[in-house]
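Every number here is computed from the coordinates shown, using simple stated rules; none is lab data. Quantities reported herein were computed from a predicted structural model and do not represent experimental measurements. Using ideal geometry, Cβ is built from the backbone for each residue, glycine included, and neighbour counts are taken over all protein chains shown.
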Amino acid sequence: MNRAALLRAARTEWGPLYTAVWGTFRRRHAWAIPMTLSAVVLTAVFQIVQNQPWGFGPVQRLGSVQAELPWWLALLRTPLSLFVPALDLPVWGALAQILIVFGLAEAALGMGRTLAVAYVATLAGTMYARLAIAVGPDSVLGLPPEAAKIIDTGPSAAVVGLAVYVSWRYRAWFTCALVVLAMVGEVLVKPNLAGKEHVAAVAAMLLVCGVDELRRRRKPRRDAHRERDQRSGAPASRS
């Protein structure tokens, strides 16, 4: 494939997303991604605090999620758990994921939708962990009982969910498929809690994307019916 063909393929794949992101940055400059920058700072602060002798306990009580916790407590901690770096992974990876993926999503989707997608993806992983432990290790979808004690924090499930949603929304089909296949490959190579939660996040986002797609396709038909009703003098239908 020559250079011109590669450029055309790249423009087709990422052109709409680039236009949306660049347009936001051009209009708002440094204020284009305030939530993302705040999340980077919050994650860095959590990392510094949890590595202090006095700070590990408070951070865990604020944002540490484990499958053995009561439901209500896990739900309370889940929002902040996105920004508590995993203890066994380098913090720069979490910071880079948030800055790049959250930043692109916030510029393309807006702050509210980005936070909603990130939370749904993370919550899907949290819910899956409990289900998998209940199913048990004998099932391909299950996990051993000791997985209930694993501290489950970090932005990875949210990052995966945002990558799938944004690439689907802006028709970057190759990127979307690549993310999905990468997560499936991860769980085949290393079927641990983190890998299976990533697949759960992918499944949740594909469901969200499917519902969103149906809603967007139905909207022009509703608008067309409403316009015909208005022209004919009939009262507009309620939906």
For a quick check of your reading of the model, give me the residue pairs whose first member lies in the range 54-73 and is in contact (Cβ under 8 Å) with a residue 40 or more places away in the chain and aliphatic (A, V, I, L, M), whose second is crowded, with 16+ Cβ neighbours inside 10 Å and part of a loop (DSSP other than H, G, I, E, B), with beta-carbon atoms closer than 7 Å and at least 6 apart or on different chains. Val65/Asp152; Val65/Thr153
Among the residues listed as Val184, Val180, the single one being assigned to a helix (DSSP H, G or I), closer than 17 Å to Leu162 by Cβ and not acidic (Asp, Glu): Val180
If a residue has to be small (Gly, Ala, Ser), free of Cβ contacts under 8 Å to residues at least 60 places away in the same chain and surrounded by 13 or more Cβ atoms within 10 Å (Cβ to Cβ) to count, how many in the range 1-22 make the cut? 1
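Being outside any helix (DSSP H, G or I) and not aliphatic (A, V, I, L, M) is the filter; apply it to the range 23-57 and report the residue that is surrounded by the most Cβ atoms within 10 Å (Cβ to Cβ).
Residue satisfying both the conditions and the ranking: Gly55.
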Identify, please: which residue in the range 74-108 is touching a residue at least 40 places away in the same chain (Cβ under 8 Å) and outside any helix (DSSP H, G or I) and is, among those, farthest from Pro16 (Cα to Cα)? Leu87
Filtered residues of the range 148-175 (kept if of a type in the set (A, V, I, L, M) and over 8 Å from the mean Cα position of the chain (by Cα)): Ala148, Ile150, Ile151, Val166, Ala172
Restricting to the range 146-178, and then to whatever is of a type in the set (A, V, I, L, M) and surrounded by 23 or more Cβ atoms within 10 Å (Cβ to Cβ), can you tell me which residue is nearest to Ala67 (Cα to Cα)? Ala157
For Gln66, state whether it is out of contact with any helix residue (DSSP H, G or I) (no Cβ under 8 Å at 6 or more places or on another chain) and not in a helix (DSSP H, G or I). no
Long-range neighbours under 6 Å by Cβ, at least six apart or interchain, first residue within 21 Å of Ala163 (Cβ to Cβ) within the range 115-142, second acidic (Asp, Glu) and assigned to a helix (DSSP H, G or I): Gly125/Glu197; Tyr128/Glu197
